[in-house]
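Readers should treat all values here as calculations from the given coordinates under stated rules, not as data from a laboratory. Since the structure is predicted, the reported quantities are computational estimates derived from the model, not experimental observations. Please note: Cβ atoms are built from the backbone with ideal geometry, for glycine as well, and neighbour counts cover all protein chains shown.
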Amino acid sequence: MAQVLEMQFETAGGKKLTISVDEPRANLTALEVETGMQALIASSVFEVNGFGLASAFSARLIERNVSDLM
């Protein structure tokens, strides 16, 4: 089963930015995700149209089943 951690942020310019992480650690907690998102905001590494990340909007874990047929 493939998993993706999808984190959504809002920029200071009002735009949304999604950052996806493939195969996150199995025992990841909501607190760890929130702390990580706040660290990304504080680091000022990401910008959209010149605006940095302003707030954490949402986070979700997406699971996908893939069955090869051939």
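Residues of region 43-60 being charged (D, E, K, R) and surrounded by 13 or more Cβ atoms within 10 Å (Cβ to Cβ), which ones?
Correct list: 47 only.
Condition first: under 18 Å from residue 65 (Cα atoms), free of Cβ contacts under 8 Å to residues at least 40 places away in the same chain and in a strand (DSSP E or B). Now tell me which residues in region 1-46 satisfy that.
Within region 1-46, 20, 21, 22 qualify.
Among what's in region 5-42 and is among the polar types (S, T, N, Q) and surrounded by 13 or more Cβ atoms within 10 Å (Cβ to Cβ), pick the residue that is nearest to residue 58 (Cα to Cα).
Among those residues, the one meeting the criterion is 8.
Quick one: is residue 63 exposed (fewer than 14 other Cβ atoms within 10 Å of the Cβ) and of a type in the set (Asp, Glu)?
Yes.
For region 14-62, enumerate the residues that are closer than 21 Å to residue 1 by Cβ and acidic (Asp, Glu).
Across region 14-62, the qualifying residues are 22, 23, 32.
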